[in-house]
Amino acid sequence: MNELFKALTDPTRRKILDLLKEKDLTAGEISEQFNMSKPSISQHLKILKSAQLIQDEKKGQFIIYSLNMTVFQEIISWAFSFKENN
């Protein structure tokens with residue numbers, strides 16, 4: 001859980017998640033939305049993937065990134081568990 005929250009603290013990674021909320025994208029399509037190097041975007045994607053917030057799938061010569069909705073559902077359940085205890 002700590003890795004997950006650490007991944008969410010960065011505004012660039014949150015913006016990547018917002019982009020992926022709209023549709024699945026390649027790393028190139030994601031990097032077009034930022035004014036930073038492709039290696040920097042790759043590092044952000046690596047952190048998000050390590051936190052299991054995103055997943056990737058190879059399609060031909062491209063890697064398509066998408067949200068891992070299972071993890072988001074677990075976060076929501078965890079957060080709502082605090083309300084249930086009150």
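The values are calculated or read from the model by the stated rules, or taken from the named source; none is laboratory data. Not measured: the values here are computed from a predicted model. As a convention, Cβ positions derive from the backbone with ideal geometry for all residues, glycine included, and neighbour counts pool all protein chains shown. Remember, those area values only see protein heavy atoms, side chains included, never the ligands or the DNA or RNA. Shrake-Rupley method; radii C 1.70, N 1.55, O 1.52, S 1.80 Å.
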For the chain, what is the accessible area per residue in Å² when the probe is 1.4 Å? 71
Pulled fully out, how much extra length does the chain show between Ile75 and Lys46, if you take 0.36 nm times their separation in residues and subtract their Cα-Cα distance? 8.5 nm
Suppose only helical runs count, i.e. DSSP H with n ≥ 4. What mean residue ellipticity at 222 nm does that imply for the chain under -39500 (n - 2.57) per run, divided by all residues and rounded to the nearest 500 deg cm²/dmol? -18500 deg cm²/dmol
Top mean-square fluctuation among Gln43, Gln73, Gln55, Gaussian network model of the chain, C-alpha springs under 10 Å? Gln73
Multiplying the sequence separation of Lys21 and Glu3 by 0.36 nm and subtracting their Cα-Cα distance, what value in nm do you get? 4.4 nm
Surface share of carbon and sulfur [accessible, 1.4 angstrom probe, percent] for the chain: 51
Among Ile63, Ile30, Ile16, the residue with the largest mean-square fluctuation in a Gaussian network model of the chain built from Cα contacts under 10 Å is Ile63
Report, in degrees rounded to the nearest 10, the 0 to 90 angle that the Cα long axis of helix 38-50 makes with the longest principal axis of the chain. 30
I'd like the trypsin sites (Lys or Arg not before Pro) in the range 1-65 restricted to DSSP loop residues with at most 12 other Cβ atoms within 10 Å, sorted by number. Lys23
Report Glu29's accessible area, 1.4 Å probe, all protein chains in place, as a number in Å² to the nearest 10. 70
Which of Ser37, Ser66, Ser50 ends up with the largest GNM mean-square fluctuation for the chain, with Cα atoms connected below 10 Å? Ser37
Rounded to whole Å and sorted largest first, what semi-axes of the equivalent ellipsoid does the C-alpha gyration tensor of the chain yield via the square root of 5 times each eigenvalue? 26, 14, 10
